[in-house]
Amino acid sequence: MMEIVKFNDGEIAYDFSPFFKIYKHGYIERCVPIIKVPPSHELPTSLQSKDVLITTEPPISARIFMPQTTKLNSKLPVLIYIHGGGFALRSPFDPIYQKYVASIVTEANVIAVSIEYRLAPEHPIPTGYEDSWTSLRWVASHANGHGPEPWLNIHGDFSRVFLAGDSAGANIAYNLAVRIRSVLPEMKLAGMILMHPFFLGSKLDKMWFYLCPRNGGLKDSRFKPAAEDMATTGCERVLVFLAGRDKLKNAGRSYYEELKKCGWEGNVEMVEHDGVGHVFHLLKPRCEQALDMMKRLVSFINQEPVIISWTSKI
């Protein structure tokens, strides 16, 4: 909820703790500092990583991870990962995401592209959606082997592209997936993984509406998935993770139930871990539930590839 609170250094206009506070004089105070580490930070010797610039205007970048032992011309699934943080926190260069995405690459033997998008409130929604869409198109430009990034050209298997995200990143991933089929038909996803998705239905609703000044109210389909949009989800398989103590759990379950009956022809699976809270897998990656979550995620990725045909250029 929004509260007005007095502090010695000014009056707070909006308090969205534990994400951020905005003072009446305009200062934005994040409750979690933005920390960025280099690609080599605590990177396992079995992996290699580097940062790439996707566009200069606007400035959008990503961090790519790949197994060190990848053989010449061998093909690996491509995982596009979108970080969470309420649209206002974190980064793919954050130590938490550096470690987690690297662990997925190690366990699933994939190439991962971890997307950086500009954060709200300085860059209001839909900036995060649009930056992520630009990044998705950039990844898709490598499908014919002639994109700007050699790792993706040489080793990316574009019949096995997966979209994943946690919390706000899961919301963004969903919005990309329903846009792909009509706007980017050559980018058919093999699957989508939504971890503790941030949809309408919790005390955080007011924050999303604040961060998105031009919104459609309680029926805004970006925040409350609409059946007609879900039916166009551009992949054949979806895996939804929920946490038993997560305040976003009910909204995630509602998404799962609606996806099953909206007319979408794919397969959806939901896994709920009891006794743990929101994004527990990032905070306690070695706990029993997090290890189970990783095992299920890896199994989901390593199923048979989807056969696709490329019909148009980006």
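Every number here is computed from the coordinates shown, using simple stated rules; none is lab data. Computed from a predicted structure; not experimentally measured. Glycine gets a Cβ as well: all are built from the backbone with ideal geometry, and neighbour counts include every protein chain shown.
General remarks:
- Among the chymotrypsin sites (Phe, Trp or Tyr not before Pro) within the stretch 14-98, those in coil by DSSP and having at most 12 neighbouring Cβ atoms inside 10 Å are 27.
- Note, ³J(HN,Hα) from phi for the stretch 34-46, Karplus 6.51, -1.76, 1.60, rounded to Hz, x at Gly and Pro: 7, 10, 10, 10, x, x, 7, 4, 6, 7, x, 5, 7
- Point-to-point label distance, residue 73-residue 23, nm (Cα→Cβ direction, 7 Å offset): 6.2
- Our coupling estimate for the stretch 145-151, obtained by passing each phi through the Karplus curve with A = 6.51, B = -1.76, C = 1.60 and θ = phi - 60°, is x, 10, x, x, 10, x, 4 Hz, Gly and Pro reported as x.
- Selection of trypsin sites (Lys or Arg not before Pro), the stretch 164-213, meeting DSSP coil and at most 15 other Cβ within 10 Å: 203
- Kirkwood-type radius of the stretch 53-103, with distances r between different C-alpha atoms, in Å: 13.0
- Rounded to 5, the percent of DSSP beta bridges in the chain classed as antiparallel: 45
- For the stretch 252-302, the orientation-averaged shadow of the C-alpha convex hull comes to 4.2 nm² (one quarter of the hull surface).
- Largest first and in whole Å, the equivalent-ellipsoid semi-axes of the stretch 169-306 read 23, 21, 12, each the square root of five times a Cα gyration tensor eigenvalue.
- Pairs of alpha carbons in the chain separated by more than 38 Å make up 10% of all such pairs.
- Candidate lysines - alpha carbon under 23 Å from residue 284, same-chain residues fewer than 8 apart omitted: 36, 99, 247, 249, 295
- Straight-line cross-link partners of residue 260 among the lysines, defined as a Cα under 16 Å from its Cα and at least 8 positions apart when in the same chain: 224.
- Among the GluC sites (Glu not before Pro) in the stretch 204-313, those placed in a DSSP loop whose Cβ has at most 10 other Cβ atoms within 10 Å are 265.
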